[in-house]
Amino acid sequence: MANEPLRLRMPVSEEVLRGLTIGQELLLSGTVVTARDMGHKFLVEAFRPDFADLLQGAFVYHCGPIMVREGEGWRVVSAGPTTSNREEPYQAEVIARYRIAGVIGKGGMGEKTSRALQQHGAVYLHAVGGAGTLLARRVRRVREVRMLQEFGVPEAFWVLEVEDFPVVVTMDARGGSLHREVLAASEARRKELLGL
Amino acid sequence: MDPLVNWALELIRKTSTDLSPDVERWLRRAREEEAEGGTAWNVLDAMIRNVEMSREAGTPICQDTGLTTFFVQVPRGTDPEAIREALQQAIRLATQEGSLRPNSVHPITGKNTGDNLGVDLPHIEFEPSPDDGLVIDLLLKGGGSENTGAQYRLPDAGLKAGRDLEGVYRCVVDAVHHAQGHGCAPGILGVCIGGDRAGGYAGAKRQLLRPLDDTNPDPALAELEERLIRDCNRLGVGPMGFGGRTTVLAVKVGWKHRHPASFFVSIAYSCWADRHRRLEVRNGVGKVF
Ligand code: SF4
């Protein structure tokens, strides 16, 4: 399992994304945009042209951060991933319509998303859940925030410039899923332990 | 201001930003078990470094600071309502300063109250104190880990689980398998055998307050806990569900009397960020442990 993390600076080509495989650790640099339930619903309800440029080639990050005001701007206090599966109904469409490079979250996603990743050459990256402070430190700059008034702090779109943001590829563009593999192995052990 | 508000605020801050030393120690031990530089090792290492950074900076370990549950031992002659008000006030302040993320939303409309207060929030369980000390335990438990809890009703034919300790074992192994990494593994499990449905879950959650290095006073349960830790780790789910040796850090089992017709096994899953702390007020002085 030991592998050197691969440094990836966005924007990255579809070719590079398609070359990533599950289990690969990455240090990601570039733009990520946070979006949770309200954000995904918003992006799918209607095509939002003003989000097209922002999202194209960027990663959507499933995260509801803790932010504090600092002068005119904002500072990220804690920003770990939140459970991705809640966005399963919307994710495939967000990938297809906005041509994002992929998704960062936790827990993995379902078959519909997996198909969209394959179709559009995108990947699902898993961050360490609960590592709120550590991940917040990898945010170099808060570029802007959208829909803050409407959605509130955790649900707003925070546009973040990250540097060496540590993640693991757990769903790749070839249909691979580390979640599926670990689940299958665990299921075999469960049956063995319980004599089922 | 009521000094209790200040102490309770200190309790919340410390719980949110400084992981209990026993949990941190267990994470370090787990890291030693994994191959250095491998993904499981790196994940545990990130958790440990995150704990250190959060303590130094005084920032929340995880941005999901969870729902607030207090277990309060009230000395004779103290008004529980006054304690409730002080805790509410402390939560309001902790939310304003960012030690807690606003997490209380209306179940239907989704509207956030903005201050972490609401119907049954904070959740407080009062009991009489054995002496004249006021003791307040706080548990902050995030949504992802709460969602991975489970309750079984024995017998369970699918699991070949009967109404005995072997049956309990089977439920817990099954629950840990189903949880995979979703509750931010490695997890700490609180288990309650018996009780009614509500009491079972409450009892399971209370087990999470036990120090990780204690030994169950009931030898049969102590043995069950050991066996569960060993076998759940054989599932290979690993830190965050990426695969690895450490799937659970600890299992704590308690029990309650039950109705003859019901046999519940309730499981509270805490993520690795198992945040709980204690405030004791004695002789007019409050101290957070
Ligand atoms: S399960 Fe725990 S560590 Fe994971 S995101 Fe939720 S509160 Fe944080």
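Has the range A:24-31 got any residue that is in contact with a Ser or Thr (Cβ under 8 Å, 6 or more places away or on another chain) and at pLDDT below 95? No - not one qualifying residue is present in the range A:24-31.
Residue count for the range B:55-93 under the criterion of being open to solvent by less than 20 Å² (accessible area, probe 1.4 Å) and more than 16 Å from the ligand (Cβ to nearest atom): the result is 10.
Among the residues of the range B:236-251, is any away from chain A (no Cβ under 14 Å), away from the ligand (no atom under 16 Å from the Cβ) and touching a residue at least 40 places away in the same chain (Cβ under 8 Å)? Yes, the range B:236-251 has at least one match. Apart from one condition, B:GLY98 fits all of (1) out of contact with any helix residue (DSSP H, G or I) (no Cβ under 8 Å at 6 or more places or on another chain); (2) on the phi < 0 side of the Ramachandran plot; the exception is (2). Take the conditions surrounded by 16 or more Cβ atoms within 10 Å (Cβ to Cβ) and away from the ligand (no atom under 16 Å from the Cβ) and apply them to B:GLU280. Does it pass? Criteria met by B:GLU280. Only one entry in A:ALA52, A:ALA58 is of a type in the set (Gly, Ala, Ser), at pLDDT 95 or above and under 13 Å from the mean Cα position of the chain (by Cα), namely A:ALA58. Residues that are surrounded by fewer than 16 Cβ atoms within 10 Å (Cβ to Cβ) and part of a strand (DSSP E or B) within the range A:133-160 comprise A:ARG140, A:ARG141, A:ARG143, A:GLU144, listed in sequence order. Residue-level check: of (1) within 13 Å of chain B (Cβ to nearest Cβ); (2) open to solvent by less than 40 Å² (accessible area, probe 1.4 Å), A:ALA122 misses just (1). Looking for something assigned to a loop (DSSP other than H, G, I, E, B) and within 16 Å of the ligand (Cβ to nearest atom) - is there at least one such residue anywhere in the range A:172-194? Among the residues of the range A:172-194, not one is assigned to a loop (DSSP other than H, G, I, E, B) and within 16 Å of the ligand (Cβ to nearest atom), which makes the answer no. Can you find even one residue in the range B:178-196 that is away from chain A (no Cβ under 14 Å), within 27 Å of A:THR83 (Cα to Cα), modelled with pLDDT of 95 or more and more than 16 Å from the ligand (Cβ to nearest atom)? Looking for residues that are away from chain A (no Cβ under 14 Å), within 27 Å of A:THR83 (Cα to Cα), modelled with pLDDT of 95 or more and more than 16 Å from the ligand (Cβ to nearest atom), one finds at least one in the range B:178-196, hence yes. For A:GLU45, the conditions (1) modelled with pLDDT of 95 or more; (2) open to solvent by less than 30 Å² (accessible area, probe 1.4 Å) all hold with the exception of (2). Of the helices (runs of 4 or more DSSP H) lying entirely inside the range B:1-75, the ones with 2 or more residues being away from chain A (no Cβ under 14 Å) are found at B:3-17, B:21-33.
Being facing chain B (nearest Cβ under 7 Å) and either more than 14 Å from the chain's Cα centre (by Cα) or modelled with pLDDT under 95 (or both) is a property that holds for A:ALA131.
In the set (1) assigned to a helix (DSSP H, G or I); (2) within 14 Å of chain A (Cβ to nearest Cβ); (3) in contact (Cβ under 8 Å) with a residue 12 or more places away in the chain; (4) out of contact with any Asp or Glu (no Cβ under 7 Å at 6 or more places or on another chain), B:LYS205 fails one condition alone, (2). Residues in the range B:130-162 that are within 16 Å of the ligand (Cβ to nearest atom), farther than 30 Å from B:LEU4 by Cα and either not in a loop (DSSP other than H, G, I, E, B) or not β-branched (Val, Ile, Thr) (or both): B:GLY144, B:ASN147, B:GLY149, B:ALA150. Filter the range A:44-67 for residues that are touching an Asp or Glu at 6+ places or on another chain (Cβ under 9 Å) and within 14 Å of chain B (Cβ to nearest Cβ); which is farthest from B:THR95 (Cα to Cα)? Of everything passing the filter in the range A:44-67, A:HIS62 is farthest from B:THR95 (Cα to Cα). From the list B:VAL23, B:VAL72, the one residue that fits, being in contact with a strand residue (DSSP E or B) (Cβ under 8 Å, 6 or more places away or on another chain) and closer than 20 Å to B:GLY143 by Cβ, is B:VAL23. On inspection, B:THR148 passes the criterion of being within 14 Å of another protein chain (Cβ to nearest Cβ) and in contact with a His (Cβ under 9 Å, 6 or more places away or on another chain).
Checking the structure you have, find out if any residue of the range A:111-120 is more than 12 Å from the ligand (Cβ to nearest atom), among the hydrophobic types (A, V, I, L, M, F, W, C) and at pLDDT 95 or above. Checked against the condition, which is being more than 12 Å from the ligand (Cβ to nearest atom), among the hydrophobic types (A, V, I, L, M, F, W, C) and at pLDDT 95 or above, the range A:111-120 yields at least one hit.
Considering A:GLU161, A:GLU155, which residue is within 12 Å of chain B (Cβ to nearest Cβ) and touching a Lys or Arg at 6+ places or on another chain (Cβ under 8 Å)? It would help to see each step written out before you state the result.
Details: A:GLU161 fails: within 12 Å of chain B (Cβ to nearest Cβ).
A:GLU155 is the lone residue from the list that is within 12 Å of chain B (Cβ to nearest Cβ) and touching a Lys or Arg at 6+ places or on another chain (Cβ under 8 Å).
The set of residues in the range B:112-152 that are in contact (Cβ under 8 Å) with a residue 12 or more places away in the chain, of a type in the set (D, E, K, R) and loosely packed, with under 13 Cβ neighbours inside 10 Å comprises B:GLU127, B:ASP131, B:ASP132.
Among the residues making up the range B:247-265, a single one is over 20 Å from B:PRO217 (Cα atoms), open to solvent by less than 10 Å² (accessible area, probe 1.4 Å) and assigned to a strand (DSSP E or B): B:VAL248.
One residue stands out in the range A:67-102 among those that are open to solvent by less than 10 Å² (accessible area, probe 1.4 Å) and within 16 Å of the ligand (Cβ to nearest atom): the one that is farthest from A:THR21 (Cα to Cα), namely A:SER78.
The values are calculated or read from the model by the stated rules, or taken from the named source; none is laboratory data. Just so it is clear, the model here is predicted, and its values are computed rather than measured. Positions of Cβ are generated from backbone atoms using ideal geometry, with glycine treated the same way; all protein chains shown enter the neighbour counts. Ligands, DNA and RNA are excluded from the accessible area calculation, which covers all protein heavy atoms including side chains. Shrake-Rupley method; radii C 1.70, N 1.55, O 1.52, S 1.80 Å.
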